[in-house]
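Q: I'd like to ask you about the structure that follows.
Each value in this text was obtained by applying a stated rule to the coordinates, not by laboratory testing. Owing to the predicted nature of the structure, the values given are computational and were not obtained by experimental measurement. No Cβ is skipped: glycine too gets one built from the backbone with ideal geometry, and neighbour counts run over all protein chains shown.
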Amino acid sequence: MAMMGALGAISGSISVGGRVANERHIGWNRQLRLTPLPGWGYLAVKAAAMLVVLPALLLVFGVAAVVKGVELGVGTWIAVLLTAWLSVLPAALASAAQLLPSYWIVAETLGQVSGAGLDAGGVLVLLAWLVAVGALVIVRYRRDALRV
């Protein structure tokens, strides 16, 4: 139940990253820099998008309680809900970071759709992630092979 709720919440928070990439692509971030809005204010609004994930959590927990008969104390329900909700915060903030692949996948896709082409920085970030994750997979595979 908690994992299903967290999956819905993380999906909701990651969608914020796509909007950030789109805003950057169309020049909205540049426009905002011309206003008196501080950078932390923009980031705070994106972090406030965490409110978007609450319906997914509440729906899953509500179905668990009503349909599946999950019985927890009120304090436990609140603790599970808060823990699942706060656990999504890193994903919500990370999806706006320009060093993560989710940001660049959306940005590169939008670039292709609009005809702007590929961004060399984005391609480098994606290639770096491919190499890093590939190296981790190789290391994990070799460790697992040694145990057999």
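Q: Each residue of segment 63-68 in order: what ³J(HN,Hα) in whole Hz does its phi give by Karplus 6.51 cos²θ - 1.76 cosθ + 1.60, θ = phi - 60°, with x for Gly and Pro?
A: With the stated coefficients, segment 63-68 comes to 5, 4, 6, 7, 7, 8 Hz.
Q: Give me the net charge of Leu136's neighbourhood, meaning all other residues with Cβ under 12 Å from the Cβ of Leu136; Lys, Arg count +1, Asp, Glu -1.
A: +3
Q: Ranked by Cβ crowding within 10 angstrom, fewest neighbours first, how are Leu86, Leu72, Leu34 ordered?
A: Lowest count first: Leu34, Leu86, Leu72.
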